[in-house]
Amino acid sequence: MSDAESKDEQPAVLPDEEVAAVDDTTKPTTEAAEETGSGKKPFIVYYNALSRVVMAAFLIAAGVYTIPNVFLQSPQKDFTLCASFFIIGTGLFLICTLIDFKSTIGNGWVAMLNSSLYVFGAAALEAGSIAFFPGVQDTVTCNNTKPCALGQYLYIAGSLVVCFALLWDIARLLRSGNVIPYPFIIALFSALVGAVNFNYGANFLMPQYLDTYDQVEKGGLFFVVGGCCFMIHALAVCKA
């Protein structure tokens, strides 16, 4: 075989930022198998994917307990259960983003920077969930006013950062020119819709709306829809 023929048969090599995995949990089975030297995915991949399913379940429950007709039936009759579920759900999300960030190390600075946005967004959501907890929200003062909207603002900021990270991921995939598996597409766009719904939900839970149950109910419904979108995302990750 001539040198010219061997060169023609060599696959094109894309820059690091284009071939870096968008999400290590959504790599095809064969790729994960190559990394472990067997036909099975590594344990951390299963853990990450299943953690997202549990995360989504808690986020849906949190959205349900945001609705006045539901949380008024709870023993506390406030957002205690709602905030508790949000703390657990966003905490799992933060763990997943840290696992994903670790998987991008060595894949180029673009992939690492893109993944780090998820970490910052998830951290803001976790901090916002803690700040929204009734025992915390009632003691924190913002501009000499109570209750403080710190948790809501952190949720708005965190969801916007996650949206930007997802859009960047989508743009990188499209720019790569590679064939995008359907689970990738479903996982990314369902997460994007979920983050948008969380942003809207947080806006309807501002302190000026907390005494207006119809506005709070709208916020709760946005969170429920967002949680369902994250569940679709989690199932797509498991399928990949």
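The values are calculated or read from the model by the stated rules, or taken from the named source; none is laboratory data. Keep in mind the model is a prediction, meaning the values are calculated, not measured. Here the Cβ positions follow ideal geometry from the backbone for every residue, glycine too, while neighbour counts run over all protein chains shown. In case anyone asks, the SASA skips ligands and DNA or RNA and just uses the protein heavy atoms, side chains included. Shrake-Rupley method; radii C 1.70, N 1.55, O 1.52, S 1.80 Å.
When Val237 is tested against the conditions (1) among the β-branched types (Val, Ile, Thr); (2) surrounded by fewer than 22 Cβ atoms within 10 Å (Cβ to Cβ); (3) closer than 30 Å to Val45 by Cβ, the lone failure is (2). The conditions of being at pLDDT 95 or above, hydrophobic (A, V, I, L, M, F, W, C) and open to solvent by 20 Å² or more (accessible area, probe 1.4 Å) are not met by Ile185. Has the range 85-108 got at least one residue that is part of a helix (DSSP H, G or I), touching a Pro at 6+ places or on another chain (Cβ under 9 Å) and open to solvent by less than 40 Å² (accessible area, probe 1.4 Å)? No, every residue in the range 85-108 fails to be part of a helix (DSSP H, G or I), touching a Pro at 6+ places or on another chain (Cβ under 9 Å) and open to solvent by less than 40 Å² (accessible area, probe 1.4 Å).
Hey, can you tell me all the residues within the range 46-68 that are more than 10 Å from Phe230 (Cβ to Cβ), β-branched (Val, Ile, Thr) and surrounded by fewer than 24 Cβ atoms within 10 Å (Cβ to Cβ)? Hits for the range 46-68 are Val54, Val64, Ile67.
Residue pairs whose Cβ atoms lie under 8 Å apart, sitting 6 or more positions apart in sequence or on different chains, and linking a residue in the range 212-236 that is among the polar types (S, T, N, Q) to a partner that is open to solvent by 10 Å² or more (accessible area, probe 1.4 Å), are Gln215/Phe204; Gln215/Tyr209.
Quick one: would you say Glu17 is at pLDDT below 70, in contact with a helix residue (DSSP H, G or I) (Cβ under 7 Å, 6 or more places away or on another chain) and among the charged types (D, E, K, R)? When the stated conditions are applied, Glu17 passes them.
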